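The values are calculated or read from the model by the stated rules, or taken from the named source; none is laboratory data. This one's a predicted model, so the numbers in the text were calculated from it and none came from an experiment. Cβ atoms come from the backbone with ideal geometry, glycine included; neighbour counts cover every protein chain shown. Surface accessibility is based on the protein's heavy atoms, side chains included, excluding ligands, DNA and RNA. Shrake-Rupley method; radii C 1.70, N 1.55, O 1.52, S 1.80 Å.
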Amino acid sequence: MTYRVIQWATGGVGKAAIEAVLDHPQLELVGCWVHSEAKHGMDVGEIIGTGPMGVVATSNKADILALDADCVVYTPLFPNEQEVIDLLSSGKSVVTSVGWVYPFDALDTQPLDAACKTGNSALHGTGIHPGGMTERFPLTLSALTRGITHVRIDEYSDIRTYGAPDVVRDMMLFGHTPEAARQSPMVKFMGTGFMQSIDMVAHELGFKLDADKRTIHDISVATAAIDSPIGIIEPGQVAGQKFTWEGLVNGEAVISASVCWLMGEEHLEEGWGFGPEGPRYEIAIQGDPDMSMTVHGCHPASVEAGLLRNEGVVVTALHCVSAIPYVCAAGPGIKSYLDLPLISGRAAPHFQE
Ligand SMILES: NC(=O)c1ccc[n+]([C@@H]2O[C@H](COP(=O)([O-])OP(=O)(O)OC[C@H]3O[C@@H](n4cnc5c(N)ncnc54)[C@H](OP(=O)(O)O)[C@@H]3O)[C@@H](O)[C@H]2O)c1
């Protein structure tokens with residue numbers, strides 16, 4: 001069976017998702033929504049830098065809603081619940097990197113549930129962190145141990161490889177004062193997603209979490225000038241940030257998810273760096289026996305390579321696209337990993353002929 005797919009937004013994740021759809025034996029790209037007026041009317045092949053493919057991008061939401069399609073890969077800069085409701089109600093399932101990984105405890109899901117029923121469609125939130133490393137992979141690993149007392153998921157990334165200088169400077173507040181960075185909107189914005197992942201892990205493992213979770217925001221300043229893609233980071237300005245979200249039982253952390261972003265490793269305060277393993281994801285479960293897993297492959301080999309093609313962005317898109325056949329077959333409703341069968345990738349096209 002071939003599923004008809006629409007791509008919603010063509011930023012880094014969106015463009016990588018289009019490539020992945022084109023490569024997937026069960027998927028066909030039939031439409032594309034773009035935010036920017038400049039891309040309206042362009043062939044999608046032009047947007048991703050290949051030859052024309054006969055699918056034309058539109059910034060008109062009504063055009064997209066009217067299309068006959070099975071699934072939308074929804075990857076805009078900001079989530080818009082009404083857009084998702086409209087897509088679901090129009091009969092299209094939605095797979096997304098912008099939220100709803102496990103919304104059941106934190107959000108009123110009734111409007112989304114109703115839209116799924118109306119459209120006989122499904123909503124699946126996924127990605128990498130949150131949306132993969134944070135809950136799907138630790139839960140899989142957890143089956144190999146018992147008596148679990150703590151789950152930890154850490155990301156270590158070189159933020160110089162993230163090709164969105166405006167976001168790095170103006171939203172993440174690198175290169176600003178520590179006082180300014182403490183007001184970073186990222187803490188709340190990202191926390192919304194990570195708290196849902198913590199809820200999923202707690203729910204499945206059986207931890208009865210305290211009502212309040214803990215957020216910790218650590219900052220390192222540059223100890224000497226750092227030349228970075230967003231300009232010179234002067235001594236005393238923010239050059240490293242670690243955000244940690246914790247699920248607690250009686251005030252004790254039982255699930256910790258963190259993101260540690262560094263402007264390289266030079267000229268940071270003592271104790272800040274990637275260590276010998278370099279940029280990576282780490283999953284560690286305390287139980288009997290302790291289990292741990294380090295994941296490489298989601299980080300570019302160099303700053304220059306990352307600015308051209310960032311694997312972290314690519315794998316986020318792939319996790320969305322790989323889920324499409326399973327989500328389309330899942331029946332109506334909000335579907336987390338707990339509701340779906342094992343999601344896998346596919347062999348290269350030349351092995352499938
Ligand atoms: N869960 C995860 O692990 C994970 C990982 C990476 C990213 N993400 C999320 O995935 C989303 C996409 O990331 P990205 O790296 O592709 O971002 P991006 O490169 O900045 O692209 C986002 C796209 O959204 C559209 N856009 C721009 N301004 C917009 C606005 N005001 N409202 C709606 N859409 C707008 C544009 O589409 P057009 O160019 O088509 O006009 C833009 O290219 C973000 O929300 C990001 O936070 C999640």
Can Gly91 be described as away from the ligand (no atom under 13 Å from the Cβ), modelled with pLDDT of 95 or more and part of a loop (DSSP other than H, G, I, E, B)?
-> yes
State the number of residues belonging to region 97-134 that are of a type in the set (Val, Ile, Thr) and more than 8 Å from the ligand (Cβ to nearest atom).
-> 3
State the number of residues belonging to region 323-339 that are under 17 Å from Met133 (Cβ atoms) and open to solvent by 20 Å² or more (accessible area, probe 1.4 Å).
-> 2
Strands (runs of 3 or more DSSP E) lying entirely in region 245-344 (those with 2 or more residues that are of a type in the set (Asp, Glu)) | 280-288
Could you say which residue among Leu139, Leu144 is more than 16 Å from the ligand (Cβ to nearest atom) and either touching a helix residue (DSSP H, G or I) at 6+ places or on another chain (Cβ under 6 Å) or open to solvent by less than 20 Å² (accessible area, probe 1.4 Å) (or both)?
-> Leu139
Within the bounds of region 89-104, is there any residue that is of a type outside the set (A, V, I, L, M), surrounded by fewer than 17 Cβ atoms within 10 Å (Cβ to Cβ) and closer than 16 Å to Gln7 by Cβ?
-> no
For region 64-76, state whether one or more residues are of a type in the set (Phe, Trp, Tyr) and open to solvent by 20 Å² or more (accessible area, probe 1.4 Å).
-> no
Determine which single condition Phe78 fails, assuming it passes every other condition in (1) without any contact (Cβ under 8 Å) to a residue 40 or more places away in the chain; (2) aromatic (Phe, Trp, Tyr); (3) more than 12 Å from the ligand (Cβ to nearest atom).
-> (3)
